[in-house]
Structure formats: C-alpha cells, structure tokens
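The values are calculated or read from the model by the stated rules, or taken from the named source; none is laboratory data. The structure displayed is predicted, hence computed values, not measured ones. We place every Cβ from the backbone using ideal geometry, glycine too, and count neighbours over all the protein chains shown. To get the accessible areas, we keep the full protein, side chains included, count just its heavy atoms, and leave off ligands, DNA and RNA. Shrake-Rupley method; radii C 1.70, N 1.55, O 1.52, S 1.80 Å.
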Amino acid sequence: MNPVMLITGAGRGIGAATARLAAREGYTVAINYRRDHHAAESVVEAIHQAGGQAIAIPADVASDAGIQTLFETVDAKLGRLDALVNNAGVVDANCRLEDMDFARIERMMRINVAGPMICAREAVRRMSTRHGGHGGTIINVSSAAARLGGADEYVDYAASKGAIDSLTRGLAREVAGDGIRVNGVRPGVIRTTIHASANNPHKVELAGQRIPLGRIGDPEEIASAILWLSGSGFSTGSIIDVDGGV
Ligand code: NAP
C-alpha cells in the first residue's frame, strides 16, 4: 500500500508541484484546495495520466470545520496518513503596519498560522505512536520573509511565517519520541500566482534583480526540498532555506 501524503493548498503553485513530485515518488496524494476546483482536478488528472494516485479535497484550512472535513475525508477515502505538507498560505497587498486593520491581520493569522497548527494537530493524532499510529512526517512551508521581516511590504505575513518556524522547531521536539519528524522549508520568491492574487503582479520581476543568484525560483525547486525532508529519516526540527541566497 502506498504511503499517503496530504498537501494543503495543492491546486496551484508550490503545492501542485509537490503533489506531482510526491506521486512520482510513490505517494498517494490528497490534494487540498479552497475554491479553484478546475486547477485541483487538473493536478489529479496529470498524476493519473502519469500512472500515480491522487484525489482532490476542497476544504478551507482557515476554519476548524474545514480542517475536520479534510482529515475525515482522508480517513474515509485513503485510510491512512503518512505525511502532511502544511503549504496553503496567503500574502496581502504591500502595506506598512500603521495602515493595517484588524481584519487583515486576523485573516493572515487564521490561514497562515491557526490553519497549519490545527492541521498539524490532526496529523499528530493520526500518526503518533502515542495514539496507536505508525509515525510519519510533517513539512511546514514557511518563507524567507520570516528571516527578513517584510519591512514596508508585509510584516504581518513575515510574522505569520516566523510563527511557523517556531511551530516547526517546537513540535519537532514534542513529537520526536512519537515517531513523527517535523521540518520546514523557507522559500524565497517563487514563480506562482500568489503575488498577483495579492495585487502585486510585478513582485516576481522586481525581486529577481535583488536575488544573489539573479533569478526567482520555480515551484519544483521547493517541491524537491519538501520531498527530500519527507524522506530524510535523521532530520527533524530543520528548516531549509531555498531562496537564491537572499
Ligand atoms: P498560490 O500559487 O497562491 O497557491 C495557493 C494554494 O493554496 C491554492 O491551491 C489555494 O487554493 C490554496 N489555499 C489558499 N488559501 C487556502 C485555504 N484557506 N484553504 C485551503 N487552501 C487554500 O501559492 P504558492 O505561491 O504556491 O504558496 C504556497 C506556500 O508557499 C504559501 O504558504 C506561501 O506563503 C509560501 N511561499 C510562497 C512564496 C512565493 O514566492 N510563491 C515564497 C515564500 C513562501 P485555491 O486554488 O482553491 O484558491
């Protein structure tokens, strides 16, 4: 029986690239998305055509009910869970802190922090040997912004990813004895639609000029780090920077 990897936000971008690579490496993949049914179904279709196994599951990971639905669907349809990739996340339009309202910061923290924490909780409840599980792995997708701070752009986003790094380090130690490894990836600017969706379509071109390697990254370059961490049995609490050297 194939190991099962659940990837949140896998209809597009980094999550979709991770799903395609995971399927090639022998995982059955649960592809979570929020709204874009067509995008998620085309990732499933591409995996099936390449001989892999995948299902798509719509659920909002910014809500407790959505996360319950997501994990119960994995239980019912796939019967096991071996890996969680906490990937779904959002940015917002460039804005200084003094101009941010409560609603913006609350939305950011619900999607980027509360969602991944509750998803990790559900994964631990299923995978932990303490609860009768067989162990497993969690990979959290952070951002170089957690190190850099996002000044004049989005300190709320940077702070949300700083929280993800703390989650990675703390949870890794908490569940190391329960058969679960927890690691993280900090991407730099990657060619996806996240920037356009935050009303910042030119970020990718402008950012390339500031990156020491002289270009932005591709989603597949993050996917390979995620899959490496997933299989690296002696890594836990590690956070890999894949950011072109910023
Ligand atoms: P993306 O292209 O915008 O794709 C986002 C995916 O997440 C979509 O599948 C979307 O679903 C899903 N999603 C968003 N909110 C959701 C929610 N509440 N519940 C469930 N799914 C949700 O994003 P990306 O650029 O690949 O980013 C993926 C991760 O990498 C994020 O955590 C981001 O912060 C991080 N990251 C990205 C970059 C970059 O430059 N791209 C850099 C550093 C870190 P729908 O398609 O249904 O909307």
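Dipole size of the chain about its Cα centre, with +1 on Lys/Arg Cβ and -1 on Asp/Glu Cβ: approximately 440 debye, rounded to the nearest 20. Result for the chain in a Gaussian network model with C-alpha springs under 10 Å: among MET127, MET100, MET117, the largest mean-square fluctuation is at MET100. About its Cα centre, the dipole of the stretch 70-164 is roughly 580 debye, where the only charges are +1 on Lys and Arg Cβ and -1 on Asp and Glu Cβ.
Estimate the FRET efficiency between PHE102 and ALA76 by the formula 1/(1 + (r/R0)^6), using the beta-carbon distance for r and 30 Å for R0, to the nearest 0.05. Working shown, then result.
Values: r = 37 Å, r/R0 = 1.24.
It comes to 0.20.
Using the Karplus relation 6.51 cos²θ - 1.76 cosθ + 1.60 with θ = phi - 60°, the per-residue 3J(HN,Hα) values for the stretch 125-131 come to 4, 8, 9, 5, 5, 4, 10 Hz, with x marking Gly and Pro. For the stretch 37-90, the solvent-accessible area with a 1.4 angstrom probe is 45 square angstrom per residue.
Residues in the stretch 108-122 carry Karplus couplings, in order, of 4, 6, 5, 6, 8, 10, 4, x, x, 5, 6, 4, 4, 4, 5 Hz; the curve used is 6.51 cos²θ - 1.76 cosθ + 1.60 with θ = phi - 60°, and Gly or Pro positions show x. Surface composition of the chain: carbon plus sulfur atoms contribute 52% of the solvent-accessible area (1.4 Å probe, protein chains only, all chains present). Mean sequence separation of contacting Cα pairs (under 8 Å, at least six apart), scaled by the length of the chain, corresponds to a relative contact order of 19 percent.
Can you compute the FRET efficiency between ASP64 and THR129 using 1/(1 + (r/R0)^6), with r the Cβ-Cβ distance and R0 = 30 Å? Round to the nearest 0.05. Write out the running numbers ahead of the final one.
Working: r = 26 Å, r/R0 = 0.85.
Computed FRET efficiency for ASP64 and THR129: 0.70.
In the chain, a dipole from Cβ-located charges (positive for Lys and Arg, negative for Asp and Glu) runs towards its positive end, and of VAL141, ASN200, TYR33 it is VAL141 whose Cα lies farthest in that direction. Charged neighbours of ALA54, selected by a Cβ distance under 14 Å, balance to 0 (K, R count +1; D, E count -1). So which residue, out of GLU221, GLU106, GLU98, gets the largest mean-square fluctuation from a GNM of the chain using Cα contacts under 10 Å as springs? Of the options given, GLU98 has the highest mean-square fluctuation.
Excluding ASP101 itself, calculate the net charge of residues whose Cβ lies under 12 Å from the Cβ of ASP101, where each Lys or Arg counts +1 and each Asp or Glu counts -1. Please report the intermediate quantities before stating the final value.
Working: positive: ARG104, ARG107; negative: ASP92, GLU98, ASP99, GLU106, ASP156.
It works out to a net charge of -3.
Comparing GLY150, GLY162, THR69 along the charge dipole axis of the stretch 60-163, the residue lying farthest to the positive side is THR69, per the Cβ-charge model.
For ILE180, the amide hydrogen comes within under 5 Å of the amide hydrogens of GLY136, counting only partners 5 or more places away or on other chains and with H modelled in the peptide plane.
In a fully extended conformation the segment linking PHE234 and ASP36 would gain 67.6 nm over its present Cα-Cα distance, using 0.36 nm per residue.
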